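Right, one structure below, let's go through it.
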Amino acid sequence: MYELETETENVSNYVNHLYEMVKHRNPHESEFHQAVKEVFDSLIPVLVKNPIYIKQRILDRLVEPERFITFRVPWVDDEGIVQVNRGFRVQYNSALGPYKGGLRFHPSVNSSIIKFLGFEQIFKNALTGQPIGGGKGGSDFDPKERSDMEIMRFCQSFMTELSMHIGPNIDVPAGDIGVGAKEIGYLFGQYKKIRGAYESGVLTGKSILYGGSLGRKEATGYGTVYFVEEMLNQHGMSFENSTVIVSGSGNVSIYAMEKAMQLGATVIACSDSNGYIYDPNGINLETVKRLKEVERKRIEEYTCEHPEATYHQNCEEIWSIPCDIALPCATQNEINSSSAQKLIVNGVKAIGEGANMPTTLEAINTFLDHKILFAPAKAANAGGVSVSALEMAQNSARVSWSAEEVDSKLRTIMKDIYKQSLNTSIDYGVPGNLVAGANIVGFVRVAEAMLAQGVI
Ligand code: GLU
């Protein structure tokens, strides 16, 4: 016992020291530090059990991206004025397969955001059990208020540089915030033109008109709900007759709402970056889909068609509404500890992270301390990238599977991720702590592959 305690202390010191080094090497990158800290905190028991990981410097190697690319993206707007954005791609880890991860186009994008997303993607992708490494990319370009032609010119310029670094067996980008099937289409067109070859598997999230997978659009949101349903079932609960809040109104949010409704829940609120709507009768999803997917309007407009609903400008306040299940599906750090407290006081039973890192470290600990069921992002939102990997498989085999086939594979994957995360949390003495369970499962898979491949 004494030895184990000493060993744990030694390992904690090593991990703390490494964390300080990460901060020193990547100054002012608070989101990246946060993502690293969350993973590091989960791994101490694994490192105690497997000293080889320390000896071989697996963690030291993991935190350093294999490659980090930044580039200039010049383009001409509709007024004929030259605009300059910054492009990024982090090729974080290729132990398990080609780098895989989305592109985010949002004004908040910087190296910290890209590194946090890329770092998390390594473990998320490992959790899916598919042969994919971790990567991420994007730009500080803001597609909001831009015309279709401006978006096209931006995407073409972005891909002119990115095409030098990607390929179906090298690095396979997809969508994220601000990048949907439309942007993927423009990116794919430019890649094809530059390469002079039709390499379907270079991007995922493509339209089903030319090599996309049925079910990819719905996959992240549906997957989150499948995962949370597993977690609820384990504790004798379900979505049936529950009230649910889903932040955001983008791709993840819309399909999380759809699946939760299909499973018998009433979704009473959703949001966009300006504010949230509260509809006590249950959100009308057709209206949200039309406003957001077709007309690209603000969520505020919802109340014009549904006068019983109210609109509120403070996004954070969405978490003050009493609900059984909260699904943060908007963006990073949208639930802080004071929002967590409010949710708990109002009787929330489960949290499912559809977005990447939507809950601060303090808020996660608040939920765990209060024994609230908590489905962490790397596990709960892995459905999107899982179906991306299925899209790659279909592209390689030149086949396309039915929506039912894809959905049933997605369900199986989400169930497996849940089971493995839960069992691992039990094995490591933190039963039900899925944050630790998921981080450990993902880490061990990557670490073992890195060991097998030598120091590279
Ligand atoms: N951006 C999504 C994620 O955060 C999907 C990535 C992909 O499909 O490659 O996992």
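The values are calculated or read from the model by the stated rules, or taken from the named source; none is laboratory data. All values reported here derive from a predicted model rather than from experimental measurement. Cβ coordinates were reconstructed from backbone atoms using ideal geometry, including for glycine residues, and neighbour counts include every protein chain displayed. Side chains are part of the model used for accessible areas, which takes the heavy atoms of the whole protein and leaves out ligands, DNA and RNA. Shrake-Rupley method; radii C 1.70, N 1.55, O 1.52, S 1.80 Å.
Observations, loosely collected:
- Per-residue SASA entry for ASP171, accessible area with 1.4 Å probe, Å² rounded to 10: 0 Å²
- Cα-based shape type of segment 319-400, given that a ≥ b ≥ c are square roots of the gyration tensor eigenvalues and the cut on a/c is 1.5: prolate
- Cα-based Kirkwood hydrodynamic radius, the chain, one decimal, Å: 22.3 Å
- Long-range amide H partners of CYS323 with built H, under 5 Å: VAL348
- Each residue of segment 391-405 was assigned a 3J(HN,Hα) from its phi angle through the Karplus curve 6.51 cos²θ - 1.76 cosθ + 1.60 (θ = phi - 60°); the sequence is 5, 4, 4, 5, 5, 5, 8, 6, 10, 9, 8, 6, 4, 5, 5 Hz, with glycine and proline shown as x.
- Counting only DSSP beta bridges whose two residues both lie in the chain, roughly 55 percent are antiparallel.
- With the simple spin-label model, which puts each label point 7 Å out from Cα in the Cβ direction, the VAL455 to LEU285 separation comes to 5.3 nm.
- The chain - percent of accessible surface contributed by carbon and sulfur, probe 1.4 Å: 51 percent
- Selection from ALA380, ILE344, SER320, by position along the positive dipole direction of segment 301-416 (Cβ): ALA380
- Whole-Hz ³J(HN,Hα) from phi, Karplus 6.51 cos²θ - 1.76 cosθ + 1.60, for segment 188-202, glycine and proline x: 5, x, 5, 4, 4, 5, 5, 6, x, 8, 9, 9, 3, x, 6
- Prolate/oblate/rounded call for segment 110-204, Cα gyration tensor, a/c under 1.5 rounded: oblate
- Among beta bridges that DSSP assigns inside segment 72-188, antiparallel share in %, nearest 5: 65 percent
- These residues, ARG398, ARG216, ARG86, go from largest to smallest accessible area, 1.4 Å probe, as ARG398, ARG86, ARG216.
- Taking a point 7 Å from the Cα of SER108 along the Cα-to-Cβ direction, the residues of segment 353-367 with backbone N closer than 11 Å to it are 356-359.
- Phi-based couplings in Hz for segment 145-155 (Karplus 6.51, -1.76, 1.60; Gly and Pro marked x): 6, 9, 6, 4, 5, 5, 4, 4, 5, 4, 4
- TYR198, TYR278, ranked by accessible area, largest first (probe 1.4 Å): TYR198, TYR278
- Mean-position separation - Cα centroids, segment 163-233 and segment 65-134, in angstrom: 13 Å
- Computed over the chain, relative contact order equals 15 percent, with contacts defined as Cα pairs under 8 Å that lie 6+ residues apart.
- Helix-only arithmetic for the chain: the sum of -39500 (n - 2.57) across DSSP H runs with n ≥ 4, divided by the residue total, places the mean residue ellipticity at 222 nm at -15500 deg cm²/dmol.
- The residues of the chain expose on average 41 square angstrom of accessible surface per residue, using a 1.4 Å probe on protein heavy atoms.
- Counting heavy atoms of the protein chains alone, GLU66 has an accessible area of about 80 Å² for a 1.4 Å probe.
- Euclidean distance of C-alpha centroids, segment 39-61 and segment 416-439, integer Å: 17 Å
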